[in-house]
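Down below is the structure, laid out as structure tokens.
Derivation of every value follows stated rules applied to the coordinates shown; laboratory data play no part. Owing to the predicted nature of the structure, the values given are computational and were not obtained by experimental measurement. When we count neighbours, we look across all protein chains shown, and the Cβ atoms used for this are built from the backbone with ideal geometry, even at glycine.
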């Protein structure tokens, strides 16, 4: 506005000077000079309006330019941050891919190793199942419980190799433990006349066993056979077998040497 006022004052002085000049030139030109002054003032106003608009556009452009420059700097900063993040993500992705490939390789190696176990596992399992009827009943029940982990898998979902390994190792450990120790158990046997009686049995590993029927004073020498354990009744050695079991179960205060029949088959 100040700029416009200054221009208007200058133009006014210019106009007054022109009028004075025209007046001094003569009255004959008075009418035409007045018309020229009016046109000059109109053109001057238009020029002032145009300059004002130009000044406003320049001011708006400077303001918008500052905002654009600020936005550009912000976007450039965000672009730099994104580029750094992309580099970091790329590095992390490369590490992940390398670890994944290494793990896949190890898993495949383990699978290959497990596949090589399939044949010996089949042989061990088949042998154990063939021996089941020949095992003494306490051991047979324990082995059967371990093998049930394999049998519990249906046909469409066979037991995994780790499950088979664990079950077979547990079964073989039970056989080894039983064969290298004395084991006391109670076995149901047919009574002398009818029904069943509880017989105390002492197994000497898998080599043999002795049993007594306390209620009926019966005794047995038990030995492994081709189809199972064979019970030979020997009531004539009842006292010795009874004394043997009392000594094993700490039911006597005066243990003594006992001689009992036994046979070991190679």
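What the table shows:
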quantity: Two-decimal ratio, segment 45-174, of alpha-carbon radius of gyration to 2.2 N^0.38 Å; calculated: 2.77
quantity: Theoretical FRET efficiency, 1/(1+(r/R0)^6), r = Cβ-Cβ of residue 263 and residue 123, R0 35 Å, to 0.05; calculated: 0.70
quantity: Per-residue Cβ neighbour rank within 10 angstrom, fewest leading, 181, 254; calculated: 254, 181
quantity: Ranking of 204, 61 by count of other Cβ atoms within 10 Å, fewest first; calculated: 61, 204
quantity: Scattering curve values for segment 127-212, log₁₀ I(q)/I(0), Debye with Cα scatterers, q = 0.21 Å⁻¹; calculated: -0.98
quantity: Alpha carbon Rg of segment 68-135, scaled by the compact-globule rule 2.2 N^0.38 Å; calculated: 2.63
quantity: Efficiency of FRET from Cβ geometry, residue 184 and residue 132, R₀ 25 Å, rounded to 0.05; calculated: 0.70
quantity: Added length on full extension, which subtracts the Cα-Cα distance from 0.36 nm per residue, residue 254 to residue 116; calculated: 44.0 nm
quantity: Radius, Kirkwood style, for segment 182-248 when every pair of distinct Cα atoms is counted (Å); calculated: 12.0
quantity: Rounded FRET efficiency, nearest 0.05, which uses the C-beta distance separating residue 165 from residue 106 and R0 of 22 Å; calculated: 0.75
quantity: Segment 167-240 versus segment 242-263: alpha-carbon centroid distance in Å; calculated: 15
quantity: Distance in nm between pseudo-label sites at residue 84 and residue 230 (7 Å out along the Cβ direction from Cα); calculated: 8.9
